[in-house]
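K.L.:
Submitted below is the structure of interest, expressed as C-alpha coordinates.
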Amino acid sequence: MTRSIDGIGLGLRYDLATELLERNPASVSWLEIHPENYLNRGGRYEEMLDLARQDWPIVTHGLSACLGSPEPFDPGYTAELRELLSDLEVPWHSEHLCLGAVDDRFFHDLLPLPFTDEAAGIASRRLIELRDAIDRPLALENASYYASQRADGLEEADFVVEVLERADAKLLLDVNNVYVNSRNFDFDPKAYIDKIPAHRVVQIHVAGHFVRDDGLRIDTHGEPVPDDVYALLAYTLKKIGPVPVLLERDNNVPPLDELLGEIDELWAIYRRATGALHAG
Ligand SMILES: [Fe+2]
(Lines give C-alpha, C1' and ligand atoms only; values in the text may rest on other atoms or scores of the structure.)
Protein backbone atom coordinates (compact mmCIF):
# COMPACT_ATOMS: atom_id res chain seq x y z
CA MET A 1 0.00 0.00 0.00
CA THR A 2 1.27 3.50 -0.83
CA ARG A 3 2.42 5.29 2.33
CA SER A 4 1.28 8.87 2.63
CA ILE A 5 3.53 11.87 2.17
CA ASP A 6 2.89 14.46 4.86
CA GLY A 7 4.77 16.62 7.33
CA ILE A 8 8.43 17.43 6.68
CA GLY A 9 10.69 15.58 4.24
CA LEU A 10 14.34 15.73 3.22
CA GLY A 11 16.06 15.28 -0.13
CA LEU A 12 18.10 12.06 -0.20
CA ARG A 13 21.52 13.19 -1.36
CA TYR A 14 24.66 11.12 -1.65
CA ASP A 15 26.67 13.29 0.77
CA LEU A 16 24.32 12.72 3.68
CA ALA A 17 22.78 9.33 2.82
CA THR A 18 25.06 7.14 4.94
CA GLU A 19 24.40 9.03 8.18
CA LEU A 20 20.71 9.57 7.39
CA LEU A 21 20.08 5.89 6.69
CA GLU A 22 22.01 4.78 9.78
CA ARG A 23 20.27 7.17 12.17
CA ASN A 24 16.80 7.06 10.63
CA PRO A 25 15.66 10.25 12.41
CA ALA A 26 11.97 10.26 13.34
CA SER A 27 11.56 13.94 12.46
CA VAL A 28 12.11 13.16 8.76
CA SER A 29 8.74 11.86 7.54
CA TRP A 30 9.55 11.16 3.88
CA LEU A 31 12.31 11.48 1.31
CA GLU A 32 12.56 12.99 -2.16
CA ILE A 33 14.92 11.61 -4.80
CA HIS A 34 16.02 12.64 -8.28
CA PRO A 35 15.20 9.65 -10.53
CA GLU A 36 18.11 10.54 -12.83
CA ASN A 37 20.44 9.44 -10.01
CA TYR A 38 18.95 5.94 -9.93
CA LEU A 39 17.86 5.00 -13.47
CA ASN A 40 20.23 2.34 -14.83
CA ARG A 41 22.63 3.05 -11.98
CA GLY A 42 23.00 0.11 -9.56
CA GLY A 43 25.83 0.02 -7.03
CA ARG A 44 25.74 2.31 -4.01
CA TYR A 45 22.82 4.32 -5.40
CA GLU A 46 20.60 1.26 -5.73
CA GLU A 47 21.62 0.14 -2.24
CA MET A 48 20.81 3.61 -0.83
CA LEU A 49 17.37 3.58 -2.40
CA ASP A 50 16.59 0.07 -1.20
CA LEU A 51 17.51 1.05 2.37
CA ALA A 52 15.60 4.34 2.19
CA ARG A 53 12.43 2.63 0.99
CA GLN A 54 12.40 0.39 4.05
CA ASP A 55 11.94 3.37 6.35
CA TRP A 56 10.37 6.19 4.36
CA PRO A 57 7.78 6.86 1.67
CA ILE A 58 9.38 8.46 -1.36
CA VAL A 59 8.47 11.09 -3.93
CA THR A 60 10.46 11.86 -7.07
CA HIS A 61 11.64 15.17 -8.50
CA GLY A 62 12.96 15.13 -12.06
CA LEU A 63 15.85 17.21 -13.36
CA SER A 64 15.95 16.51 -17.08
CA ALA A 65 12.46 16.71 -18.60
CA CYS A 66 12.04 20.49 -18.31
CA LEU A 67 8.38 21.17 -19.04
CA GLY A 68 8.90 24.23 -21.20
CA SER A 69 11.33 22.70 -23.70
CA PRO A 70 9.90 22.31 -27.21
CA GLU A 71 11.64 18.96 -27.82
CA PRO A 72 9.70 15.67 -27.80
CA PHE A 73 10.41 13.37 -24.87
CA ASP A 74 12.72 10.40 -25.31
CA PRO A 75 10.33 7.41 -25.13
CA GLY A 76 13.10 5.29 -23.62
CA TYR A 77 13.51 7.75 -20.76
CA THR A 78 9.79 8.07 -20.09
CA ALA A 79 9.33 4.26 -20.13
CA GLU A 80 12.15 3.78 -17.61
CA LEU A 81 10.83 6.65 -15.49
CA ARG A 82 7.33 5.18 -15.51
CA GLU A 83 8.68 1.83 -14.33
CA LEU A 84 10.70 3.39 -11.49
CA LEU A 85 7.80 5.54 -10.28
CA SER A 86 5.49 2.54 -10.34
CA ASP A 87 8.02 0.46 -8.42
CA LEU A 88 8.45 3.22 -5.81
CA GLU A 89 4.66 3.79 -5.65
CA VAL A 90 5.17 7.54 -5.65
CA PRO A 91 1.90 9.51 -5.24
CA TRP A 92 3.15 12.13 -7.72
CA HIS A 93 6.23 13.08 -9.72
CA SER A 94 7.44 16.65 -10.24
CA GLU A 95 9.40 18.54 -12.89
CA HIS A 96 10.56 22.12 -13.40
CA LEU A 97 8.69 24.75 -15.37
CA CYS A 98 11.73 25.76 -17.38
CA LEU A 99 13.66 25.32 -20.61
CA GLY A 100 16.31 22.59 -20.65
CA ALA A 101 16.97 21.57 -24.27
CA VAL A 102 16.68 22.85 -27.82
CA ASP A 103 17.55 21.00 -31.05
CA ASP A 104 18.65 17.90 -29.16
CA ARG A 105 21.16 19.91 -27.13
CA PHE A 106 20.81 19.65 -23.34
CA PHE A 107 21.85 22.74 -21.39
CA HIS A 108 22.21 20.90 -18.06
CA ASP A 109 20.64 23.95 -16.52
CA LEU A 110 17.13 25.09 -15.67
CA LEU A 111 16.71 28.10 -17.97
CA PRO A 112 13.75 30.47 -17.62
CA LEU A 113 10.80 30.55 -19.97
CA PRO A 114 9.31 33.76 -21.33
CA PHE A 115 6.05 34.32 -19.48
CA THR A 116 3.99 34.36 -22.67
CA ASP A 117 0.84 32.71 -23.96
CA GLU A 118 2.91 30.68 -26.45
CA ALA A 119 5.26 29.36 -23.74
CA ALA A 120 2.27 28.49 -21.52
CA GLY A 121 0.79 26.50 -24.40
CA ILE A 122 4.01 24.55 -24.99
CA ALA A 123 4.52 23.84 -21.29
CA SER A 124 0.93 22.72 -20.66
CA ARG A 125 0.91 20.39 -23.68
CA ARG A 126 4.25 18.93 -22.66
CA LEU A 127 3.12 18.48 -19.07
CA ILE A 128 0.07 16.51 -20.25
CA GLU A 129 2.28 14.43 -22.57
CA LEU A 130 4.68 13.51 -19.75
CA ARG A 131 1.84 12.86 -17.30
CA ASP A 132 0.26 10.46 -19.77
CA ALA A 133 3.61 8.76 -20.42
CA ILE A 134 4.31 8.11 -16.73
CA ASP A 135 0.64 7.40 -15.97
CA ARG A 136 0.88 9.24 -12.67
CA PRO A 137 0.03 12.71 -11.26
CA LEU A 138 2.66 15.26 -12.34
CA ALA A 139 3.38 18.51 -10.52
CA LEU A 140 5.23 21.43 -12.06
CA GLU A 141 7.71 23.39 -9.96
CA ASN A 142 8.09 27.16 -10.24
CA ALA A 143 11.71 27.97 -11.07
CA SER A 144 14.19 30.68 -10.15
CA TYR A 145 15.57 32.89 -12.94
CA TYR A 146 18.01 35.74 -13.43
CA ALA A 147 16.96 37.35 -16.72
CA SER A 148 14.26 40.00 -16.63
CA GLN A 149 11.13 39.28 -18.64
CA ARG A 150 9.66 41.20 -21.55
CA ALA A 151 7.26 43.91 -20.46
CA ASP A 152 4.48 42.47 -22.65
CA GLY A 153 4.54 39.06 -20.94
CA LEU A 154 2.52 37.88 -17.95
CA GLU A 155 3.66 38.25 -14.36
CA GLU A 156 5.35 35.07 -13.16
CA ALA A 157 2.53 33.96 -10.84
CA ASP A 158 -0.06 34.49 -13.58
CA PHE A 159 2.08 32.45 -15.98
CA VAL A 160 2.39 29.57 -13.51
CA VAL A 161 -1.36 29.60 -12.87
CA GLU A 162 -2.04 29.71 -16.62
CA VAL A 163 -0.02 26.51 -17.17
CA LEU A 164 -1.65 24.83 -14.15
CA GLU A 165 -5.14 25.63 -15.39
CA ARG A 166 -4.50 24.64 -19.02
CA ALA A 167 -3.03 21.28 -18.01
CA ASP A 168 -5.27 20.77 -14.96
CA ALA A 169 -2.02 20.12 -13.13
CA LYS A 170 -0.60 20.07 -9.62
CA LEU A 171 2.03 22.46 -8.26
CA LEU A 172 5.25 21.89 -6.35
CA LEU A 173 5.49 25.37 -4.86
CA ASP A 174 9.10 26.34 -4.16
CA VAL A 175 8.82 29.22 -1.69
CA ASN A 176 12.57 29.85 -1.80
CA ASN A 177 12.32 30.35 -5.57
CA VAL A 178 9.40 32.75 -5.08
CA TYR A 179 11.41 34.67 -2.48
CA VAL A 180 14.63 34.76 -4.55
CA ASN A 181 12.76 36.00 -7.64
CA SER A 182 10.82 38.56 -5.60
CA ARG A 183 14.04 40.11 -4.28
CA ASN A 184 15.85 39.99 -7.63
CA PHE A 185 12.92 41.40 -9.60
CA ASP A 186 11.20 43.54 -6.97
CA PHE A 187 7.75 42.05 -6.49
CA ASP A 188 5.73 41.14 -3.40
CA PRO A 189 6.18 37.41 -2.65
CA LYS A 190 2.97 37.29 -0.60
CA ALA A 191 1.01 38.68 -3.54
CA TYR A 192 2.48 35.85 -5.63
CA ILE A 193 1.36 33.25 -3.04
CA ASP A 194 -2.10 34.85 -2.92
CA LYS A 195 -2.56 34.09 -6.64
CA ILE A 196 -1.83 30.35 -6.29
CA PRO A 197 -4.96 28.14 -6.17
CA ALA A 198 -4.56 26.18 -2.91
CA HIS A 199 -6.16 23.02 -4.30
CA ARG A 200 -3.37 22.71 -6.89
CA VAL A 201 -0.47 22.58 -4.39
CA VAL A 202 0.70 19.05 -3.48
CA GLN A 203 4.17 19.81 -2.15
CA ILE A 204 6.39 22.69 -1.05
CA HIS A 205 10.16 23.15 -1.33
CA VAL A 206 12.24 25.29 0.98
CA ALA A 207 15.97 25.91 0.71
CA GLY A 208 18.67 28.45 1.35
CA HIS A 209 20.28 30.70 -1.23
CA PHE A 210 23.44 32.75 -1.72
CA VAL A 211 23.46 36.54 -1.64
CA ARG A 212 26.14 38.12 -3.85
CA ASP A 213 27.97 41.30 -2.88
CA ASP A 214 25.84 43.22 -5.40
CA GLY A 215 22.68 41.92 -3.73
CA LEU A 216 21.66 39.39 -6.41
CA ARG A 217 20.28 36.24 -4.81
CA ILE A 218 21.35 32.92 -6.33
CA ASP A 219 19.29 29.78 -5.79
CA THR A 220 22.19 27.56 -4.68
CA HIS A 221 20.54 25.13 -2.22
CA GLY A 222 23.87 25.52 -0.46
CA GLU A 223 23.04 27.73 2.55
CA PRO A 224 20.81 27.43 5.64
CA VAL A 225 17.17 28.46 5.14
CA PRO A 226 17.00 32.21 5.92
CA ASP A 227 14.39 33.73 8.24
CA ASP A 228 12.60 35.48 5.36
CA VAL A 229 12.00 32.13 3.63
CA TYR A 230 10.75 30.57 6.88
CA ALA A 231 8.37 33.53 7.20
CA LEU A 232 7.12 33.12 3.63
CA LEU A 233 6.59 29.40 4.29
CA ALA A 234 4.52 30.22 7.37
CA TYR A 235 2.43 32.66 5.34
CA THR A 236 1.99 30.05 2.57
CA LEU A 237 0.93 27.22 4.90
CA LYS A 238 -1.60 29.47 6.59
CA LYS A 239 -3.06 30.28 3.18
CA ILE A 240 -3.13 26.82 1.64
CA GLY A 241 -3.23 24.37 4.57
CA PRO A 242 -1.09 21.38 5.56
CA VAL A 243 0.94 20.61 2.44
CA PRO A 244 4.07 18.41 2.80
CA VAL A 245 7.27 20.48 2.97
CA LEU A 246 10.68 19.34 1.70
CA LEU A 247 14.03 20.77 2.81
CA GLU A 248 16.34 20.92 -0.24
CA ARG A 249 20.07 20.94 0.41
CA ASP A 250 22.18 19.98 -2.59
CA ASN A 251 25.47 21.83 -2.11
CA ASN A 252 27.76 22.65 0.78
CA VAL A 253 25.97 19.88 2.69
CA PRO A 254 26.50 20.28 6.48
CA PRO A 255 26.50 17.56 9.16
CA LEU A 256 23.09 15.89 9.46
CA ASP A 257 22.43 17.45 12.89
CA GLU A 258 22.48 20.89 11.30
CA LEU A 259 19.84 19.84 8.76
CA LEU A 260 17.78 18.21 11.51
CA GLY A 261 17.79 21.57 13.29
CA GLU A 262 16.24 23.10 10.18
CA ILE A 263 13.77 20.19 10.00
CA ASP A 264 12.72 20.97 13.61
CA GLU A 265 12.19 24.62 12.68
CA LEU A 266 10.06 23.53 9.72
CA TRP A 267 7.99 21.26 11.96
CA ALA A 268 7.38 24.17 14.36
CA ILE A 269 6.18 26.36 11.48
CA TYR A 270 4.12 23.51 10.03
CA ARG A 271 2.38 22.85 13.33
CA ARG A 272 1.83 26.51 14.13
CA ALA A 273 0.50 27.28 10.68
CA THR A 274 -1.72 24.29 10.19
CA GLY A 275 -2.57 23.04 13.66
CA ALA A 276 -1.56 19.58 12.46
CA LEU A 277 -1.10 16.99 15.19
CA HIS A 278 1.96 15.29 13.82
CA ALA A 279 4.18 13.63 16.34
CA GLY A 280 7.27 14.66 14.41
FE1 LIG B 1 12.90 23.35 -5.54
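K.L.:
Can you name the condition, by its number, that H199 falls short on among (1) surrounded by 14 or more Cβ atoms within 10 Å (Cβ to Cβ); (2) more than 13 Å from the ligand (Cβ to nearest atom)?
P.N.:
Just one mismatch for H199, condition (1).
K.L.:
Tell me, please, whether a residue that is within 22 Å of L99 (Cβ to Cβ), within 16 Å of the ligand (Cβ to nearest atom) and surrounded by fewer than 15 Cβ atoms within 10 Å (Cβ to Cβ) can be found in the stretch 146-160.
P.N.:
Within the stretch 146-160 (the criterion being within 22 Å of L99 (Cβ to Cβ), within 16 Å of the ligand (Cβ to nearest atom) and surrounded by fewer than 15 Cβ atoms within 10 Å (Cβ to Cβ)), the answer is yes, since at least one residue qualifies.
K.L.:
For D87, are the conditions met, namely being in a loop (DSSP other than H, G, I, E, B) and out of contact with any Asp or Glu (no Cβ under 7 Å at 6 or more places or on another chain)?
P.N.:
no
K.L.:
From L110, L88, L140, grab the single residue that is at pLDDT below 95 and surrounded by 15 or more Cβ atoms within 10 Å (Cβ to Cβ).
P.N.:
Going through L110, L88, L140 in turn, the sole match is L110.
K.L.:
Out of curiosity, is A268 buried (at least 17 other Cβ atoms within 10 Å of the Cβ) and either of a type in the set (G, A, S) or in contact with a Lys or Arg (Cβ under 8 Å, 6 or more places away or on another chain) (or both)?
P.N.:
Criteria not met by A268.
K.L.:
Can R272 be described as over 20 Å from S94 (Cα atoms), out of contact with any strand residue (DSSP E or B) (no Cβ under 6 Å at 6 or more places or on another chain) and either more than 15 Å from the ligand (Cβ to nearest atom) or among the basic types (K, R) (or both)?
P.N.:
It is true that R272 is over 20 Å from S94 (Cα atoms), out of contact with any strand residue (DSSP E or B) (no Cβ under 6 Å at 6 or more places or on another chain) and either more than 15 Å from the ligand (Cβ to nearest atom) or among the basic types (K, R) (or both).
K.L.:
Tell me which residues, restricted to the stretch 225-247, are part of a loop (DSSP other than H, G, I, E, B) and touching a Leu at 6+ places or on another chain (Cβ under 9 Å).
P.N.:
If the condition is that a residue be part of a loop (DSSP other than H, G, I, E, B) and touching a Leu at 6+ places or on another chain (Cβ under 9 Å), then V225, V243 are the ones that fit.
K.L.:
What is the number of the single condition among (1) aliphatic (A, V, I, L, M); (2) modelled with pLDDT under 95; (3) open to solvent by 10 Å² or more (accessible area, probe 1.4 Å) that A101 does not meet?
P.N.:
(3)
K.L.:
In the stretch 113-162, how many residues are part of a loop (DSSP other than H, G, I, E, B) and either in contact (Cβ under 8 Å) with a residue 60 or more places away in the chain or not charged (D, E, K, R) (or both)?
P.N.:
Total meeting the criteria: 16.
K.L.:
Any residue in the stretch 210-222 that is within 16 Å of the ligand (Cβ to nearest atom), farther than 30 Å from G121 by Cα and assigned to a strand (DSSP E or B)?
P.N.:
yes
K.L.:
Follow-up question, since we're still on this one. Cβ-Cβ below 9 Å, separation at least six or inter-chain, first residue in the stretch 12-30 and on the phi > 0 side of the Ramachandran plot, second buried (at least 19 other Cβ atoms within 10 Å of the Cβ): which pairs?
P.N.:
N24/W56
K.L.:
Across the stretch 163-194, which residue is surrounded by the fewest Cβ atoms within 10 Å (Cβ to Cβ) among those that are within 15 Å of the ligand (Cβ to nearest atom) and either among the basic types (K, R) or in a strand (DSSP E or B) (or both)?
P.N.:
Here the residue is K170.
K.L.:
When you check V253 against the structure, is it away from the ligand (no atom under 15 Å from the Cβ), β-branched (V, I, T) and at pLDDT below 95, yes or no?
P.N.:
yes
K.L.:
Ok, one more. Got at least one residue in the stretch 215-237 being touching a strand residue (DSSP E or B) at 6+ places or on another chain (Cβ under 8 Å), touching a residue at least 60 places away in the same chain (Cβ under 8 Å), open to solvent by less than 30 Å² (accessible area, probe 1.4 Å) and not aromatic (F, W, Y)?
P.N.:
Within the stretch 215-237, one or more residues are touching a strand residue (DSSP E or B) at 6+ places or on another chain (Cβ under 8 Å), touching a residue at least 60 places away in the same chain (Cβ under 8 Å), open to solvent by less than 30 Å² (accessible area, probe 1.4 Å) and not aromatic (F, W, Y).
The values are calculated or read from the model by the stated rules, or taken from the named source; none is laboratory data. Computed from a predicted model, the values in this text were never measured in an experiment. Because the Cβ atoms are built from the backbone with ideal geometry, glycine has one as well, and the counts that use them run over all protein chains shown. The area values use the complete protein model at the heavy-atom level, side chains included, leaving out ligands, DNA and RNA. Shrake-Rupley method; radii C 1.70, N 1.55, O 1.52, S 1.80 Å.
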